[in-house]
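The values are calculated or read from the model by the stated rules, or taken from the named source; none is laboratory data. All of these numbers come straight from a predicted model, not from anything done at the bench. Methodologically, a virtual Cβ is constructed for each residue, glycine included, from the backbone with ideal geometry; neighbour enumeration extends over all protein chains shown. Surface accessibility is based on the protein's heavy atoms, side chains included, excluding ligands, DNA and RNA. Shrake-Rupley method; radii C 1.70, N 1.55, O 1.52, S 1.80 Å.
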Amino acid sequence: MTTPEPQSSSPQSPEPVSKDRVYRSPAGLAGGVLLLALALWLGIDAVVAGEGRTPWVALAALLFLVPLVAAYTVRPAVLSNDDRLRVRNPFRVITLPWGQVASFRSGYSNEVFTEAGDKYQLWSIPVSLRGRKKAARQEARRAAGGGRGGVLGGFGGFGGAGAADVGGAAADGPVRAETDKIMDELRETLEARKPANTSQGEVSVRWAYEVMAPAAVGAVLLAVLLATG
């Protein structure tokens, strides 16, 4: 963000800001929406039809559970543009100018490291071991098909669609899992934008009190109601 300059007789239009590329987990979103719908359905039913302390317990449970479910499923996202990487995790929002990003690591989770040595997990880009195994099998089949195509001219020796598919896939590079492709794209952006003047700045971390506060209040109310019931 730039500081406003003094007004002049010939005002200039602000520089365009690159649009964010948003990376989220479709499975997490779908699961979160279903869990939230189920929790609201059961909770509202208990509030409306319940007797005695049941409505109050249901309200406290909703106040506790809904923010947590939303935080771990619907909220996480990674937003990337030409100037910075913004990581929205369940309880924190981390803003990382590209100049402060040191590297990315993909193991059993996807993580970003800063120049200061801090590590942040990318919650919305989960590692799929199943996806990696599937990509490895596809790559192996493609390699085997390519070998046969060189001798027989494609499946059945006629140089048909199978040979064209193998050639097209080979031109696109090795088969990769979807989340690994996303990490490759982030690494390419880091390499291209790290030296840019607009990519410099300080790392900022903001705690998501809008999630933590209602969940804490709900937990306290639920504990009190259960203890005194």
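Overview of values
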read-out: Single unsatisfied condition, residue 93 versus (1) open to solvent by less than 50 Å² (accessible area, probe 1.4 Å); (2) over 14 Å from the mean Cα position of the chain (by Cα); value: (2)
read-out: All positions within the range 107-117 that are among the hydroxyl-bearing types (Ser, Thr, Tyr) and either open to solvent by 40 Å² or more (accessible area, probe 1.4 Å) or free of Cβ contacts under 8 Å to residues at least 60 places away in the same chain (or both); value: 108, 109
read-out: Residue in the range 70-80 that is among the polar types (S, T, N, Q) and touching a strand residue (DSSP E or B) at 6+ places or on another chain (Cβ under 7 Å) present; value: yes
read-out: Residue tally, condition over 24 Å from the mean Cα position of the chain (by Cα) and either among the hydroxyl-bearing types (Ser, Thr, Tyr) or exposed (fewer than 15 other Cβ atoms within 10 Å of the Cβ) (or both), over the range 199-229; value: 9
read-out: Of all residues in the range 172-193 being part of a helix (DSSP H, G or I) and of a type in the set (A, V, I, L, M), the one that is farthest from residue 79 (Cα to Cα); value: 192
read-out: Failed criterion for residue 75 (all others in (1) touching a Lys or Arg at 6+ places or on another chain (Cβ under 8 Å); (2) under 12 Å from residue 189 (Cα atoms); (3) open to solvent by 10 Å² or more (accessible area, probe 1.4 Å) hold); value: (2)
read-out: Residue 216, sole failed condition from (1) in contact (Cβ under 8 Å) with a residue 12 or more places away in the chain; (2) out of contact with any Ser or Thr (no Cβ under 8 Å at 6 or more places or on another chain); (3) among the hydrophobic types (A, V, I, L, M, F, W, C); value: (1)
read-out: Which numbered condition residue 147 fails, given (1) modelled with pLDDT of 90 or more; (2) of a type outside the set (A, V, I, L, M); (3) assigned to a helix (DSSP H, G or I); (4) open to solvent by less than 60 Å² (accessible area, probe 1.4 Å); value: (1)
read-out: Filtered residue count, the range 169-183, keeping only those that are surrounded by fewer than 18 Cβ atoms within 10 Å (Cβ to Cβ), modelled with pLDDT of 70 or more and over 18 Å from residue 22 (Cα atoms); value: 1
read-out: Scope the range 78-87; condition in contact with a Leu (Cβ under 7 Å, 6 or more places away or on another chain) and open to solvent by 10 Å² or more (accessible area, probe 1.4 Å); matching residues; value: 84, 86
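Residue by residue, here is whether (1) open to solvent by 100 Å² or more (accessible area, probe 1.4 Å); (2) in a helix (DSSP H, G or I); (3) modelled with pLDDT of 95 or more holds:
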| position | (1), (2), (3) |
| --- | --- |
| 2 | yes, no, no |
| 10 | no, no, no |
| 18 | no, no, no |
| 28 | no, yes, no |
| 35 | no, yes, yes |
| 38 | no, yes, yes |
| 45 | no, yes, no |
| 67 | no, yes, yes |
